[in-house]
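Working notes for the structure below.
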Amino acid sequence: MAQAPARAASAVRLFDAHCHLQDPRVFTVAASLIRAAAASGVSRFAVNGTSEKDWHLVKQMAEEHPAIVPCFGLHPWWVPERSPDWMDLLRRFFAETPEAAVGEIGLDKGSHGKTIDFGEQVEVFQRQLELAKELNKPVSVHCVRAFGDLLEILKRTGPFPAGVLLHSYLGSAEMVSSLANLGCYFSLSGFLTDMKSTKAKKMLKSIPLDRILLETDAPDALPKLDDTFLLAVPVDSSSAEAPTTSNESLNHPSNIHIVMKYVASLLEMPETELAEVTYKNATQLFSYHGSKVHAETETV
C-alpha cells in the first residue's frame, strides 16, 4: 500500500508550486520527504519563506537540493514581528540568491489575520509587490477573506508580467477573469477539498488552463477525502525539533497526487493531461532570469 503513490505517478511529472519544507515541524525530515516525492514524480518544489526567521533555512535547503526553488517573503501573520530593517534584509537575500522568487506575502482577514493591523499588512504587501516588479520575479500570494482588497491593490500596483501565484486559491469563480488579466495564476491545494464540490467545480472551470497550478502547501493543507491513501510525514523522534503535532495531520509533498486527481475529477479531464499542463504552467512561471528552472523552458 505504501508504494501506491509512486506506482500511480510513474507516467506523470508534477511541480509543487508552493510548500514550506523549512517549517520546523518537518525540517529535520525534509530530505526524506523530498526523496519520496521525487520518486513519485514530483520534479520541483517552490519552498516559501515566511519571515526573517526562516529565510536562511530556505536558502540553505535550495543550496542542498537542486529541485528546490527558493522564495523569500514576509507573510502577513509575521508582519508584527518584522524588524526595522526587514526590507533591507530581504533585498540582501535576493542579491545573494538570484534564483529566488518572491513569497509568501499577502493579506489576511481570517481568524488569525484579523488580529493583525490591516493597514500594516497592506503596507508590507505593497512594498513586496513593488519589489517583485522591480526584480521581475513572480510572487506567491496568500489571501484569506480579502480578495476585494487584493484585486484593488493588484490593479493599482500591476500589471505583473512576471506573474502572481495565488496560492491555495479559494476565491470565487467571478473574480478569476479580473485576476487573470493582471497576470495571476491559480494554485490549488488540499484546502480545495474543504470547499463544496459544486462551488469548487464552478471555480475550477472558470480558470484558463494555462493559468492553473498544483501545490501541497506542505506541511499544511492535508487533503480531506474519504477512502483516499495519504502519505504521512515520518517523525524524527531523536530530534529536539521533532513535530509536536501528530504526524498524521502533517501533509507530505507526495500528496500532490491526491490534489491532482481531485482537480482532474472536477474538471472532467484525464489526470495525465492535467499533470502535464500544470507542470508546463509552473515551469513557465518559474522560468525568470536566474532561476534554476530557466534552462528547462525550451524542452518542456
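Couple of notes before you dig in:
- Residues within the reach of a label modelled at K114 (point 7 angstrom out along Cα to beta-carbon, backbone nitrogen below 20 Å), restricted to the range 178-204, are 195.
- Residues L89 and A38, FRET efficiency given R0 of 45 Å [Cβ-Cβ distance, rounded to 0.05]: 0.90
- Residue-averaged 222 nm ellipticity for the chain, from DSSP H runs of 4+ at -39500 (n - 2.57), nearest 500: -11000 deg cm²/dmol
- Per atom type, the chain shows carbon and sulfur on 51% of its accessible surface, probed at 1.4 Å.
- In the chain, the sites counted are trypsin sites (Lys or Arg not before Pro) in DSSP loop states with at most 13 other Cβ atoms within 10 Å, and the longest stretch holding none of them, exclusive of the sites, is 54-195.
- Only protein heavy atoms count here; under a 1.4 Å probe, S43 has an accessible surface of about 50 Å².
- Over the range 119-172, accessible surface divided per residue gives 39 Å², non-protein components excluded, 1.4 Å probe.
- Cα Rg, Dmax (largest Cα-Cα span) when computed across the range 109-237, Å: 15.9, 49
- Computed about the Cα centre, the dipole magnitude for the chain is approximately 640 debye when only Lys and Arg (+1) and Asp and Glu (-1) carry charge, each at its Cβ.
The values are calculated or read from the model by the stated rules, or taken from the named source; none is laboratory data. All values derive from a computational prediction rather than experimental measurement. In this analysis, Cβ positions are derived from the backbone assuming ideal geometry, glycine residues included, and neighbour counts consider all displayed protein chains. Heads up: the accessible areas ignore ligands, DNA and RNA and are worked out on the full protein's heavy atoms, side chains in. Shrake-Rupley method; radii C 1.70, N 1.55, O 1.52, S 1.80 Å.
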